[in-house]
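The structure appears right after this line, and notes come after that.
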């Protein structure tokens, strides 16, 4: 009978990453679960005091598979800051947080990579970033102002789902709004 402890495996412990996710990371993951997509700049203004600190933490989270990241490109090359979505670990922490950003009501993605691909290819990236910019500006202001706070902010998809139950539908084009 052996009482010897087996040698450590060369494979990393898949549960060890959860011990490295700090409360600020959890708050970021909750925002990404609700809002799908945030840029480096938006994450920096919402959670960090410096861009360099944000970039380092986001790189760690990406390498731990907590986040996926990708850049946008045009004929002139890559532009803008990197964009982040939930990675495999982030999706494990928020497994039911997905609505199709294109609004087509398709099946939920089978993996975090499929989810990230759908978000990137949805045609809604600029819209999501614009709406999320307003939201992260509010968070940043509340974070830096002693007597201000943001109590609640729902994503467009969340608000649409909640208010659709009451028969209230969003206006897709402000030019067609009749008062």
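Among the residues of segment 29-68, those identified as closer than 11 Å to residue 86 by Cβ, assigned to a helix (DSSP H, G or I) and touching a strand residue (DSSP E or B) at 6+ places or on another chain (Cβ under 8 Å) are 29, 31, 32, 33, 61. Inspection of segment 162-173 identifies no residue that is closer than 22 Å to residue 67 by Cβ and at pLDDT 80 or above.
Taking the condition of being assigned to a helix (DSSP H, G or I) and either under 25 Å from residue 70 (Cα atoms) or free of Cβ contacts under 8 Å to residues at least 24 places away in the same chain (or both), how many residues in segment 126-161 meet it? Here the count works out to 23.
Taken together, 41, 25, 65 contain a single residue that is closer than 22 Å to residue 152 by Cβ, at pLDDT 85 or above and surrounded by 16 or more Cβ atoms within 10 Å (Cβ to Cβ), which is 25.
The values are calculated or read from the model by the stated rules, or taken from the named source; none is laboratory data. Since we're looking at a predicted model, the values are computed, not measured. Every residue, glycine among them, receives a Cβ derived from its backbone with ideal geometry; neighbour counts consider all protein chains shown.
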